[in-house]
Structure formats: structure tokens, C-alpha cells
Amino acid sequence: MTDEESGRDGGDPPDESGETPADPPDGGDRSPERDGPTAGGDSGLQDDRASDGDQSPDTDQSADGDRVDPDAGVVTQFMNSEWLPVVFLRETLSSAVIVAVVGIVLFAISGIWPPMVAVESGSMEPHMQKGDLVFVTEPGRFAPDAGRGETGVVTHAVGTETGYDSFGQAGSVIVYRQPGRFGPPIIHRARFHVEEGENWYDRANPDYLPGDSCETVPNCPAPHAGFFTKGDNNGMYDQVNAIGAPPVKPSWVTGVARVRIPLLGWIRLVFSGAATTTPLPPADAGTAAATAGGVCPVETAGVGTDRQSPPGSVDGPASRPTESTDSLAPRPAV
């Protein structure tokens, strides 16, 4: 065999100059895959790059990058979305639901609606301040043994004997509304109970009366059975002062005060327009009689006149005589 034939069989063919090409320095294969990328290789790299930025076919992307599964339910998407308008709406609805739940619970406990009232004036100071929010319950609910009848109201006279106190003094603080009277309900303390036609003058505290006999004071004898009431910061009973309320019938009592929350009632007073803090001018001789008995209205659904107690109308010291007890025992005719 000639050298030319062996070159064809065992090695690379000679080039045009007749010399056999030298092997690559690294001894590697000079295949097209090693020499450089082919068209197929380029397409593979492009596919890899495209897959890096490709979105999943079963998800959508919102403007802020929130991924939401379109196959999920509407409620699931709403609860999991991070889109700002949806987040705001979700938080607003959550707050409303919490408020509603709290209102339902308070209604279940109190038995009346609204279960909270805002104090509009200072006639119950110092035990209730203007702007306080007071939780009330329906008459008869959580009534103590000393409570009177279905109302469960304990008067100041009975509370003094039995040791029942509420809001700093003996007796229950009630919310009542006189039919036909303009304005919001009144929240004052029940002092004693009278029967129809009763001459109650000798049972009352003379310091809270404008006259010295039954003939010289209003509502004596009593036109009907009911409670005599008074603001703790007032100088006279509601039934003998400018309020002019007759004895409070049990059916007029809409609630009994239980808990006071300071200052929180200002929110309600501001929205109702009853939040004025401008002091009234001192009462002169011509207006003293009209302002001698302040009223402590409470803001519920309506807005009424906020009458202030006059200077010096604070209840006197404990040495003052208290009302005679309004026990249920028979009384001598008067």
C-alpha cells in the first residue's frame, strides 16, 4: 500500500497543497456543535429566555403585581386581592361588620334601642358629665330586689334604706320621656314614689321645694301615681321647677342607666348639633324662676334644648333631710 492510499484510509485527506491538516491544539472534535452555535441552538436559548418572563397561563396579574387566580371564586379573589381599592373596600366592610356585631350584642344585653345615650347638659354633675355616653337597659332588666314593680326602679328613699347606690348616690338613674313634651328624653334620679291624690309634701325634702305647703307647690296633691325625679346638680324636683313634669308614670320610663363612659358621647353630640359649650349668662331676677330647675336631656334620636343648671343649684350636704321612704306599706289618709 502506498503512502497516498494509507493517508486516505487512516487520516485526514491532504489539502490542496498536499499537506495533511494538523489536529486541533486541544485534541477536541471539530464538529459543528463545538465550532459554534447552530440555528437550532439559537432558538433553544431564545425559548429559555422567553420562558423566564412568561406568565402562567392560569393567572392574571394586576397593575400592582398582585397575582389572582381567575378560576378562584369571587369571594376568594376579593379576600386575597392586594389591589388598593379592593383593600380599602374590604377594610371598610370589616369595620362595619364589627360595629354591627357590637350593636347587636349591646341590644341583646340592654333590650332597648339605642342602648347608649349621650348626656347633653350638666344637671347630673358631678356623677354624670356633659358628653358622657351612658349604657342603659330596659326597665325591669337586671332589677334589684328593692326595685319597684315591673320598672325595677329603686328610688333614692328606698336606696337609702336598703343601701342600693348608683352613680354616686342612693337610687336609680332613669331615662324618661313625657308624652307631648318637646325635646329628647331626660336622665335624672328617681327620688321617691307617690300615689294618685297623695299629699306628698311632708315626705319630700323641703330644700328641694319652692313653697312651704302642699297648696303652694305644683303637682300637690299628686295628679296620678308616679316617680318624683331630680337632677343631682339641680336645686328642685323636676315636678316643681321649670321643667313642669308631673310625676313620672312607669310607662314613661324608657331605660335605667347602668354604665357611664366619659367623653365618648361628644362624638354623638357634635353630629347632632348639641355640642355647644358656650356658657349661659347668669340668671337675673326675671329669669331665675325659669331656670331654677335644670334638665339633663340625653341625645338619642332627636335633638332638644340643652338647659343648664343655674349657679348654686348643687345638692346640699348629707345633713340635709332626705325624702321619706316610699315603702309599699299602707299610709294614713291625708
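Here's how it looks for Ser166: its modeled amide H is under 5 Å from those of Gly171, which are all 5 or more places away or on a different chain.
Applying 1/(1 + (r/R0)^6) with R0 = 45 Å to the Cβ-Cβ distance of Asp207 and Phe142 gives a FRET efficiency near 0.90. Peptides 77-85, 200-208 ordered by packing proxy, namely the average of other Cβ atoms within 10 Å per residue, highest first: 200-208, 77-85.
Sorting check: for 141-153, 166-178, which peptide has the highest mean count of neighbouring beta carbons within 10 Å, and how do the rest follow?
Working: 141-153: 16.9, 166-178: 21.4.
Packing proxy ranking, top to bottom: 166-178, 141-153.
About the Cα centre of segment 163-208, what is the dipole size in debye to 20, counting +1 per Lys and Arg Cβ and -1 per Asp and Glu Cβ, all else neutral? Show your work: numbers first, answer last.
Values: 5 positive and 6 negative charges, 63 e Å.
Charge dipole, segment 163-208, about its Cα centre: 300 debye, nearest 20.
If R0 is 35 Å, the Cβ-Cβ spacing of Ala100 and Thr162 corresponds to a FRET efficiency of close to 0.35. Computed from the C-beta positions of Glu196 and Glu91 and an R0 of 51 Å, the FRET efficiency is 0.30 to the nearest 0.05.
Each distinct pair of alpha carbons in segment 115-216 adds a 1/r term; the inverse of their mean, the Kirkwood radius, is 15.2 Å.
Note on segment 69-146: dipole from Cβ charges, positive end direction compared against Met79, Leu89, Val136; the farthest Cα belongs to Val136.
Every number here is computed from the coordinates shown, using simple stated rules; none is lab data. Fair warning: this is a prediction, and the values are worked out from it, not measured in the lab. With ideal geometry, Cβ positions are generated from the backbone for all residues, glycine too; neighbour counts draw on all protein chains shown.
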